[in-house]
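A.B. asks: The structure under discussion is supplied below as structure tokens; questions concerning it will follow.
Rule-based calculations on the coordinates, nothing more; no lab input. Model, not experiment: these values are computed from the prediction. So basically every Cβ, Gly included, is an ideal-geometry build from the backbone, and we count neighbours across all protein chains shown.
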Amino acid sequence: MDPVIAFTDVTKSFGSIDALDPLHLTIRKGEFVSLVGPSGCGKSTVLRLGSGLIEPTDGTVSRSSDNVGYIFQEPTLMPWRTVEQNVTFLGELDGLSRQEARRRADEVLSLVGLQEFRNHYPLALSGGMKMRTSIARSMLLDPDLFLFDEPFGALDQISRARLNAELCALFSERRFAALFVTHSVDEAVFLASRLLVMSKRPGRLVAEFEIPYEFPRQPGIRYEPEFAVLAGQVAAALAEAS
Amino acid sequence: MSDRTDETTNASGRGLARSRELLRVAIPPALVALAIILLWYGITFFVLEPDRRFLLPPPHGVIQEGILDGDVLAEIMGGLYRTAMVAGLGLAIAFALGFSMALVMSQAKWIERSLYPWAVVCQTVPILALVPLLGFWFGFGLMSRVTVCVIIALFPIIINSLTGLQGADPRLHDLLTLHNAGRWIRALKLQIPAARPLIFTGLRTSAGLSVIGAIVGDFFFGRGQPGLGILLDRYSRRLRSEELLAAVIAACLLGVVAFWIFGVLGRRAVGHWDPSWAGERNKNE
């Protein structure tokens with residue numbers, strides 16, 4: 001199967017600072033790739049290159065589809081729009097009819113469990129609910145590729161674990177392609193089918209792990225000895241890379 | 001949320017809470033007003049000797065001669081009306097002009113750099129120096145008066161609108177970029193909606209300034225149908241302290257009402273999502 005996204009010899013410099021060593025990375029449909037690395041190593045740069053928001057200094061980024069969902073570090077909702085209006089927003093930009101956008105919003109809001117809150121403004125929502133709204137927004141157009149930029153970093157542990165489980169369930173059902181940047185080793189292992197470790201700047205992929213668990217996954221796998229061993233190996237690779 | 005269940009039993013309780021809230025909001029300023037009136041009487045009767053009492057006539061004198069006298073009241077009301085019209089028209093033009101300028105400035109750095117210094121000049125120009133010039137150019141009628149208001153009210157509208165238009169979340173800009181949104185869509189769907197709280201802040205500030213502009217313009221043009229400015233000038237020349245104070249109070253009320261109107265409009269428009277205006281809602285209602 002053709003990759004959904006392929007980075008070939010991609011480098012990126014900002015002025016005299018090299019953010020990325022030549023990067024090789026392909027992600028296929030049905031692959032959930034987690035990317036961990038020390039702060040400032042260029043993980044977000046990889047996402048911005050992948051989305052096309054910035055161009056590589058050298059090399060090529062090719063995508064089989066322009067239908068990309070980008071989930072930011074913060075929920076990044078429009079506070080003047082209700083939950084439902086936030087979710088239908090990308091439909092407005094991409095010319096979906098109003099009924100179609102609302103029908104889809106209904107569907108994705110029920111996937112993230114927010115139908116009851118459709119008419120609430122973000123001001124009235126908890127951090128977890130805002131993030132769910134943000135994910136629902138990105139799902140409206142049913143993207144082929146999802147780019148996650150540490151989406152759950154600002155949440156408390158309980159909300160974070162719950163959203164991990166929900167995201168895993170969504171992936172198990174829809175089998176899109178995903179690149180998920182995070183600081184949390186535990187989260188990275190739990191979600192990924194493949195896990196990459198990036199070195200400090202200029203970012204270079206220094207380790208790769210296949211995560212053998214089948215999808216859908218139960219939250220309980222976090223407490224299995226096998227999981228702990230894997231997480232320990234990842235943490236060791238990360239420590240070495242920092 | 002839970003009090004929604006038994007609305008009928010709670011309605012009277014809530015009404016009570018509401019009136020208690022009203023008292024809590026109304027009593028402190030009322031006490032201040034009382035203190036000012038007492039101080040006023042004190043100065044009139046204990047500080048000023050009888051032959052100098054005309055400098056500050058007592059409050060009831062102001063009410064008697066400035067408000068209960070039908071002719072004077074009609075004169076002041078007419079002035080109030082004309083001044084309010086000039087201020088309103090000036091504010092409307094300042095908004096149209098200022099918001100358009102901010103919108104254009106938000107679209108390109110070089111436009112911002114070209115216009116910004118002139119917006120600042122608009123704020124710092126000594127308006128009194130311009131008044132005779134405006135009289136020569138536009139005559140001493142409505143046009144010159146409105147122009148004074150526009151010059152005074154323009155800057156807060158430009159600067160607040162511009163800050164608001166430029167203040168939209170950069171990640172939301174990214175989101176629009178990813179979906180190939182052009183300039184117009186970006187302005188209509190992101191920048192203008194995001195700027196609304198600050199636009200209302202600018203309007204509220206400028207509403208008060210526009211009233212000042214209308215009075216100052218009227219005062220110095222000194223011709224044509226009298227607004228509050230001409231009346232203030234006339235009463236002070238004739239040493240009519242009671243009428244003068246009544247006109248001053250009318251001018252203050254006009255400014256307060258202008259400020260209040262845009263406070264209410266702002267709360268209505270964005271109070272349900274903007275934390276700063278939502279806070280206003282708790283403060284004032």
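A.B. asks: Can you tell which of B:Ser100, B:Ser106 is surrounded by fewer than 16 Cβ atoms within 10 Å (Cβ to Cβ), in a helix (DSSP H, G or I) and not basic (Lys, Arg)? Show your work before the answer.
C.D. replies: Details: B:Ser106 fails: surrounded by fewer than 16 Cβ atoms within 10 Å (Cβ to Cβ).
Criteria check complete, one pass: B:Ser100.
A.B. asks: Let me ask another. Quick one: in region A:90-123, of everything that is at the interface with chain B (Cβ under 9 Å from one of its Cβ atoms) and surrounded by fewer than 19 Cβ atoms within 10 Å (Cβ to Cβ), which residue is nearest to A:Gly153 (Cα to Cα)?
C.D. replies: Filtering region A:90-123 down to residues at the interface with chain B (Cβ under 9 Å from one of its Cβ atoms) leaves A:90, A:92-94, A:121-123.
Narrowing the set further to residues that are surrounded by fewer than 19 Cβ atoms within 10 Å (Cβ to Cβ) leaves A:92-94, A:123.
On the way: A:Glu92: 29, A:Leu93: 28, A:Asp94: 29, A:Leu123: 19 Å.
For region A:90-123, the residue satisfying everything is A:Leu123.
A.B. asks: So if I check each of A:Val189, A:Val87, which one is within 14 Å of chain B (Cβ to nearest Cβ) and of a type in the set (Val, Ile, Thr)?
C.D. replies: Of the residues listed, the single one that is within 14 Å of chain B (Cβ to nearest Cβ) and of a type in the set (Val, Ile, Thr) is A:Val87.
A.B. asks: Please return the ranges of helices (runs of 4 or more DSSP H) entirely within region B:182-246 where 1 or more residues are surrounded by fewer than 21 Cβ atoms within 10 Å (Cβ to Cβ) and under 21 Å from the mean Cα position of the chain (by Cα).
C.D. replies: Working: elements: B:183-186, B:192-221, B:228-237.
The helices (runs of 4 or more DSSP H) meeting that bar are B:192-221.
A.B. asks: Taking the stated definitions as given, is A:Phe227 under 15 Å from A:Val33 (Cβ atoms) and surrounded by fewer than 20 Cβ atoms within 10 Å (Cβ to Cβ)?
C.D. replies: Answer is no for this residue.
Here's the yes/no breakdown for (1) aliphatic (A, V, I, L, M); (2) surrounded by 11 or more Cβ atoms within 10 Å (Cβ to Cβ); (3) not in a loop (DSSP other than H, G, I, E, B):
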{"position": "B:Leu31", "(1), (2), (3)": "yes, no, yes"}
{"position": "B:Pro57", "(1), (2), (3)": "no, yes, no"}
{"position": "B:Ala87", "(1), (2), (3)": "yes, yes, yes"}
{"position": "B:Ile93", "(1), (2), (3)": "yes, yes, yes"}
{"position": "B:Phe140", "(1), (2), (3)": "no, yes, no"}
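A.B. asks: In the list A:Ser16, A:Ser39, which residue meets the criterion of being without any contact (Cβ under 8 Å) to a residue 60 or more places away in the chain and surrounded by fewer than 17 Cβ atoms within 10 Å (Cβ to Cβ)? Before the answer, list the steps.
C.D. replies: Details: A:Ser39 fails: without any contact (Cβ under 8 Å) to a residue 60 or more places away in the chain.
Of the residues listed, the single one that is without any contact (Cβ under 8 Å) to a residue 60 or more places away in the chain and surrounded by fewer than 17 Cβ atoms within 10 Å (Cβ to Cβ) is A:Ser16.
A.B. asks: Between a residue in region B:171-198 that is more than 10 Å from chain A (Cβ to nearest Cβ) and any residue that is part of a loop (DSSP other than H, G, I, E, B), which pairs come within a Cβ distance under 8 Å, given they are 6 or more apart or on different chains?
C.D. replies: Within 8 Å, the pairs are B:Gln191/B:Ala168; B:Ala195/B:Gly167; B:Ala195/B:Ala168; B:Leu198/B:Gly167.
A.B. asks: Being under 17 Å from B:Gln64 (Cβ atoms) and polar (S, T, N, Q) is the filter here; which residues of region B:230-274 pass it?
C.D. replies: B:Ser241
A.B. asks: Given the conditions (1) within 17 Å of B:Cys252 (Cα to Cα); (2) touching a residue at least 12 places away in the same chain (Cβ under 8 Å), report the number of the one that B:Ala30 does not fulfil.
C.D. replies: Here B:Ala30 meets the rest and fails (2).
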